[in-house]
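Read-outs throughout are calculated quantities, based only on the coordinates presented, and are distinct from any laboratory measurement. From a predicted model like this one, the values you see are computed outputs, not experimental measurements. All Cβ positions, glycine included, derive from the backbone under ideal geometry; neighbour counts span all protein chains shown.
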Amino acid sequence: MTYLKQPRARLLLLCFVASSLLLAAFPALDIRISRLFFDGTGFHLANLWWVRLLQGSVGYAVGLSLASVVILYAFNRKSRRQVCGVTGRTVVYLSLVLLLGAGLIVNVLLKNTFGRARPRNIEEFGGAQHFTGAFVVSEECATNCSFSSGDGAGAFFLVAMAWALSRKRAVLLAALGFGVLVSFSRVAAGAHFLSDIVVSFFVMLILTDALHCYILLPEPGLARVRALADGALPDRVLPDVVQPESVVG
């Protein structure tokens, strides 16, 4: 596969596997990190205004970002311009990152498969449920479980936005910083373990990079798919190589 031949792809997968093995081998690390925010009676940062603000901002940030891209696409298509380089492919790319990453993989497959209780609900922190390590299947939770972090995945979706629209270092760092802050707030509030955050981060980052390779980069074998995403007629004949659009701004 084209993506797996890239050094960056191999590095990301290696980091994901290494971090997952580390967290699975030393589950007590999750307890130790969460204990830093536990004062003996509860997670005292959970009710602070900035923690609540960060958690509540994820849905708005994701919704407004995706809506803005759709509006830009409609404007570009009608005016025949290339503002921020937004095309149909951009909309398809971002939609797939969100739906497959934060939606299918994190909120459906992982959360509903592993059944991990949240930190605030386990015995070590005054709850009634048992702690289970990362990647351990349990029945401690039925729905909306701890592993992995849905809010973290949603926040790291903005990295895909930055990657698709700008790729400037400052923009990418800002998107990454937002994801880190949201993730920190969830750990501090006792809603997630460190391993929940790490897994969501790598799921979104790898999917962001892989789909960018297959959807946005020029590739002869995908020319027809990209033409359909851009609104071309099904019977349109395309050259072997599609030249990437120029990015404005």
>> Sort Leu22, Leu53 by Cβ crowding within 10 Å, fewest neighbours at the top.
In response: Leu53, Leu22
> If you line up the long axis of helix 7-25 against the longest principal axis of the chain, both from Cα atoms, how many degrees apart are they, to the nearest 10?
Replying inline: 10 degrees
>> Between helix 194-211 and the chain, what is the angle of the helix's C-alpha long axis to the longest principal axis, kept within 0 to 90° and rounded to the nearest 10?
In response: 10 degrees
> Pairing the Cα long axis of helix 49-79 with the longest principal axis of the chain, what angle in degrees results, from 0 to 90 and rounded to the nearest 10?
Replying inline: 10 degrees
> Quick one: Ser79, Ser149, Ser34, Ser166, fewest Cβ neighbours within 10 Å first, how do they rank?
Replying inline: Ser79, Ser166, Ser34, Ser149
>> Once each part is reduced to its C-alpha centroid, what is the distance from the stretch 133-181 to the stretch 45-77 in angstrom?
In response: 13 Å
>> Along the charge dipole of the chain, pointing to its positive end and built from +1/-1 on Cβ of Lys, Arg, Asp and Glu, which listed residue (Thr132, Gly42, Val180) has its Cα farthest out?
In response: Val180
>> On a straight-distance basis, which lysines could pair with Lys5 in a cross-link, Cα separation under 30 angstrom, same-chain partners fewer than 8 positions away excluded?
In response: Lys168
>> At 0.36 nm per residue, and after removing the present C-alpha to C-alpha distance, how many nm does the segment from Ser19 to Ala142 gain when stretched out fully?
In response: 41.7 nm
>> With unit charges on the beta carbons (Lys and Arg positive, Asp and Glu negative) and the dipole taken about the Cα centre of the chain, which residue among Phe201, Phe114, Cys84 sits farthest to the positive side?
In response: Cys84
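Going by how many other Cβ atoms sit within 10 Å of their own, how do Asp151, Asp209 line up, fewest first? Provide the component values of the computation, followed by the final result.
On the way: Asp151 26, Asp209 18.
Fewest-to-most Cβ neighbours within 10 Å comes out as Asp209, Asp151.
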> Percent relative contact order of the chain, based on C-alpha pairs within less than 8 angstrom and at least six residues apart?
Replying inline: 27 percent
> About the Cα centre of the stretch 7-229, what is the dipole size in debye to 20, counting +1 per Lys and Arg Cβ and -1 per Asp and Glu Cβ, all else neutral?
Replying inline: 1240 debye
>> Taking amide H atoms as placed 1.01 Å from N in the peptide plane, list the residues 5 or more away in sequence, or in a different chain, whose amide H sits under 5 Å from that of Gln129.
In response: Ile122, Glu123
